[in-house]
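Everything below concerns the one structure shown next.
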Amino acid sequence: FYSTGEQDVVVIGGGPGGYVAGIKAAQLGMKVTVVESRGALGGTCLNVGCIPSKALLNASHLYEQATEKMAGYGVKATGVTLDLPTMLKYKEKTVVGLTSGIELLFKKNKVEYAKGHGKITSPNQVEVTAQDGTKKTIQTKNIVIATGSEVTSLPGVTIDEETIVSSTGALSLKQVPKKMIVIGGGVIGLELGSVWSRLGAETTVVEFTPRIAAGADGEVAKKFQKSLEKQHIKFHLETKVTSVVKKPTGGVTVTVEAVGGSGFTGTLDADVVLVSVGRRPNTTNLGLKEQNIQTDKQGRVEINHNFQTNVPSVYAIGDVIKGPMLAHKAEEEGIAVMEYLKSGGGHVNYGAIPSVIYTHPEVAWVGKTEEELTKEGTQFNVGKFPFIANSRAKTNDDTEGFVKFLSAKDTDRILGVHIMGASAGEMIAESVLAMEYGASSEDIARTCHAHPTLSEGVKEAAMAAYGKAIHI
Ligand code: FAD
Ligand code: NAI
């Protein structure tokens, strides 16, 4: 049940953007309904994105540790085998636990939950079509579009989620493929490529551009690629996929063509192909055209600095608007848009949004890369510290990677921090906070860090940016 009488705000989409927006609205005293069509809250992130992928990354990492490393620490486990159905069940249990948790949060905060497809039928009405086809219309002062993004493929390549899969299929493969080709060396390709590679698939990544992990600092991306190569993942950079053809006998032939000096031209065979070439905003049957709500060339809903579309009562947040497609970015926008609706003020600092690739080692960053600073002509200092010189990394026998600080030459203000290493995703939070407060590298360098911890590597890199590190 949900009310159709006038709400203060109706949010369409129950992902990290939409569900957080819903809870925040209720906390601010607004009458709010969240409309979600997939039958579960949490959106892409909790159902087929962040959460299941991280569960599989955790489980496959443990499998790799058990088969390759543990014996060296005197932990001898004999007959270690992979039980993929159990691994997938564990992933599913994690997902269900978290998505049902959001339903409880809705109840606790008095957020109404309308199960069905939402369509904007006027600037103050959202029509909800339930799975059985029944329709109801909710009256509302404001509407927030939080419909997220969906899988894209290459022209002429049809995803069947069994042999040619998107990230969704790659989270539920029934067996480990002998050979896997990953099209696109971005976040999804590297994370899910790592999962199946660790579980035994011979994995090859085909990437159009000359580098992997677009958006990461160039030096980090190069070292990261080397690290993944050591883990037996192969790369064809500057290589374009021209066709993906299913063989009648099973498996797939992928034809590729070099588009640069290091590229490869030829055919590659695989049992499973993962297509991970980016995602597109999801605005299917949302009523945008009918209501004249503007979108940009990439199909993203256009907004002003207050998340407001050209129709004043309609707002948009998350993957469906510009900016990085990240759960925590969507959440921040969900809070900001409701604060704006309540009081006219709401703000997201896009200069301090962290990015994390949850491989092993992890890669995490915030702020600008060395390439971006050079291009804009900013003078900067570089401070680096390798984990090989960090005592906790040594005790963990996990010394790959480094921390890189970029700070302004004149003021020492932190401009960017880039970490490759175990737990980089946890460690980056300190630098995000520092940037949020406009801190200098000296501020971090003079902050006491517990010993022995990996985060001492962050402190040492900060010391190196404004003076000298102690331990190298
Ligand atoms: P979504 O999460 O896409 O939610 C939108 C929701 O709206 C969906 O549930 C959809 O069913 C619903 N919806 C759409 N249209 C309608 C309609 N008309 N009516 C009703 N409901 C509708 N990000 C990270 O930050 N960290 C990660 O580790 C990470 N890992 C990822 C791994 C994978 C494999 C993928 C695919 C993505 C990952 N992401 C990650 C990205 C993250 O999932 C998205 O950035 C995030 O989910 C965006 O949130 P959102 O609320 O904008 O949209
Ligand atoms: P992406 O944009 O990260 O990477 C796509 C890659 O595919 C790019 O490197 C691009 O150059 C390449 N590419 C495009 N067309 C190609 C072609 N024809 N042949 C070969 N390569 C081609 O997109 P991805 O990995 O699909 O992820 C989608 C979104 O999901 C990202 O925006 C990301 O933010 C989000 N995500 C975030 C995660 C995280 O935060 N840890 C994890 C997974 C996804």
Review point. Can we say Ala59 is aliphatic (A, V, I, L, M), under 22 Å from the mean Cα position of the chain (by Cα) and either surrounded by fewer than 18 Cβ atoms within 10 Å (Cβ to Cβ) or farther than 19 Å from Ile317 by Cα (or both)?
Key: yes
Restricting attention to segment 414-447, the residues that are crowded, with 17+ Cβ neighbours inside 10 Å and outside any helix (DSSP H, G or I) number exactly 12
When you look at Gly18, is it in contact with a helix residue (DSSP H, G or I) (Cβ under 8 Å, 6 or more places away or on another chain), away from ligand 2 (no atom under 16 Å from the Cβ), in a loop (DSSP other than H, G, I, E, B) and not β-branched (Val, Ile, Thr), yes or no? no
So, first residue exposed (fewer than 15 other Cβ atoms within 10 Å of the Cβ) in segment 1-16, second residue outside any loop (DSSP other than H, G, I, E, B), Cβ within less than 6 Å, six or more apart or across chains; the pairs are Glu6/Gln139
Just one listed residue, out of Val206, Val256, is under 24 Å from the mean Cα position of the chain (by Cα) and near ligand 2 (Cβ under 10 Å from one of its atoms), and it is Val206
Residue count, segment 212-250, condition outside any helix (DSSP H, G or I) and either of a type in the set (Lys, Arg) or modelled with pLDDT of 95 or more (or both), comes to 23
Of (1) within 20 Å of Leu326 (Cβ to Cβ); (2) touching a Gly at 6+ places or on another chain (Cβ under 6 Å), Phe385 fails just (1)
Those residues of segment 302-322 that are assigned to a loop (DSSP other than H, G, I, E, B) and either within 16 Å of ligand 1 (Cβ to nearest atom) or among the hydrophobic types (A, V, I, L, M, F, W, C) (or both) come to a total of 8
Checked segment 253-283 for anything part of a strand (DSSP E or B) and either under 23 Å from Val187 (Cβ atoms) or modelled with pLDDT under 95 (or both); matches are Val254, Val256, Leu268, Ala270, Val272, Val273, Leu274, Val275, Arg279, Arg280, Pro281
Residue count, segment 75-122, condition in a helix (DSSP H, G or I) and surrounded by fewer than 17 Cβ atoms within 10 Å (Cβ to Cβ), comes to 17
Filtering segment 168-211 for residues that are more than 21 Å from Glu257 (Cα to Cα), away from ligand 1 (no atom under 12 Å from the Cβ), touching a helix residue (DSSP H, G or I) at 6+ places or on another chain (Cβ under 6 Å) and assigned to a loop (DSSP other than H, G, I, E, B) leaves a count of 1
Of those in segment 321-341 that are over 20 Å from Asn124 (Cα atoms) and among the aliphatic types (A, V, I, L, M), the residue surrounded by the most Cβ atoms within 10 Å (Cβ to Cβ) is Ala330
Picking from Thr239, Thr255, Thr209, the residue that is buried (at least 17 other Cβ atoms within 10 Å of the Cβ) and touching a Gly at 6+ places or on another chain (Cβ under 9 Å) would be Thr239
Going through segment 339-363 in order, the residues found to be over 30 Å from Phe387 (Cβ atoms) and within 14 Å of ligand 1 (Cβ to nearest atom) are Val348
Counting only residues that are within 16 Å of ligand 2 (Cβ to nearest atom) and part of a helix (DSSP H, G or I), segment 21-57 contains a total of 14
If we keep only residues of segment 400-421 that are of a type in the set (A, V, I, L, M) and within 23 Å of the chain's Cα centre (by Cα), then the residue farthest from Val220 (Cα to Cα) is Leu415
Q. Do we have any residue at all in segment 328-343 that's out of contact with any Lys or Arg (no Cβ under 9 Å at 6 or more places or on another chain) and outside any helix (DSSP H, G or I)?
A. no
Residue hits (segment 28-59; away from ligand 1 (no atom under 14 Å from the Cβ) and under 22 Å from Val126 (Cα atoms)) are Leu28, Gly29, Met30, Lys31, Val32
Residue set Val275, Val245; condition within 16 Å of ligand 1 (Cβ to nearest atom) and either touching a residue at least 12 places away in the same chain (Cβ under 8 Å) or more than 27 Å from the chain's Cα centre (by Cα) (or both); output residue Val275
Checked against (1) within 28 Å of Ile357 (Cα to Cα); (2) surrounded by 22 or more Cβ atoms within 10 Å (Cβ to Cβ); (3) away from ligand 2 (no atom under 16 Å from the Cβ), Tyr315 satisfies every condition except (1)
Considering segment 258-304, residues that are of a type in the set (A, V, I, L, M) and surrounded by fewer than 17 Cβ atoms within 10 Å (Cβ to Cβ), and then whichever is farthest from Thr163 (Cα to Cα), we arrive at Val259
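The values are calculated or read from the model by the stated rules, or taken from the named source; none is laboratory data. As the structure is a computational prediction, the values presented were derived from the model and not from experiment. Quick reminder, even Gly has a Cβ in these numbers, built from the backbone with ideal geometry, and neighbours come from all protein chains shown.
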